[in-house]
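Here the structure comes first, spelled out in structure tokens, and everything after it is commentary.
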Amino acid sequence: MAAKPTKDAQSGPDEDPEAPDETKIELVDNTVDQETLPVVAPKAEKAQKKSEEKKTSSSDAKPSKKKQSASSLAQIRQFFNEVTAEFRKITWPPFNQVVKETWSVLFLVAVITLMVLGFDWFLGHAIFGPLEHFARMHGGGVGS
């Protein structure tokens, strides 16, 4: 909504000139845009429903063990029914694509393994080899 301030028509000469002007707010457009309204979060609604359920359930007697186990079995059955329903929605790739992608993964694993092996060999021979040789010459190192 937009508001348009206007001067008060009753202001007279006897008012204090340093006092702020009194204004009236007139509504220019009184339509409400649905997009600007705040949306209540679903979690807040769920929390409110839970608190209402707790209030009503606290006054009721607790259900027996048989009812609880029956309801938990029903929940487990419902869970597995939902899992199978979601499992049916999966679109599996063709067998040829699976084979190609498996070979590409194996190839990349082999390449990365060789890169790590080469890096380890380089560090062992180019950097640590001379250090170990230097340590042996000066009375340190392994087996001295």
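Values in this text are rule-based calculations from the coordinates and carry no lab data. Keep in mind the model is a prediction, meaning the values are calculated, not measured. Heads up, the Cβs are rebuilt from the backbone with ideal geometry, glycines too, and the neighbour counts pull from every protein chain shown.
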Output the direction-averaged projected area (hull surface divided by four) of the convex hull of the alpha-carbon atoms of the stretch 80-134, in nm². 6.8
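With r defined as the distance between the Cβ atoms of Thr113 and Ser72 and R0 fixed at 41 Å, what FRET efficiency is calculated, to the nearest 0.05?
In this case the efficiency is close to 0.30.
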Just report the Cα centroid separation between the stretch 112-137 and the stretch 69-107, whole Å. 46
Taking R0 as 22 Å and r as the Cβ-Cβ distance between Phe80 and Glu101, the FRET efficiency 1/(1 + (r/R0)^6), rounded to the nearest 0.05, comes to 0.15
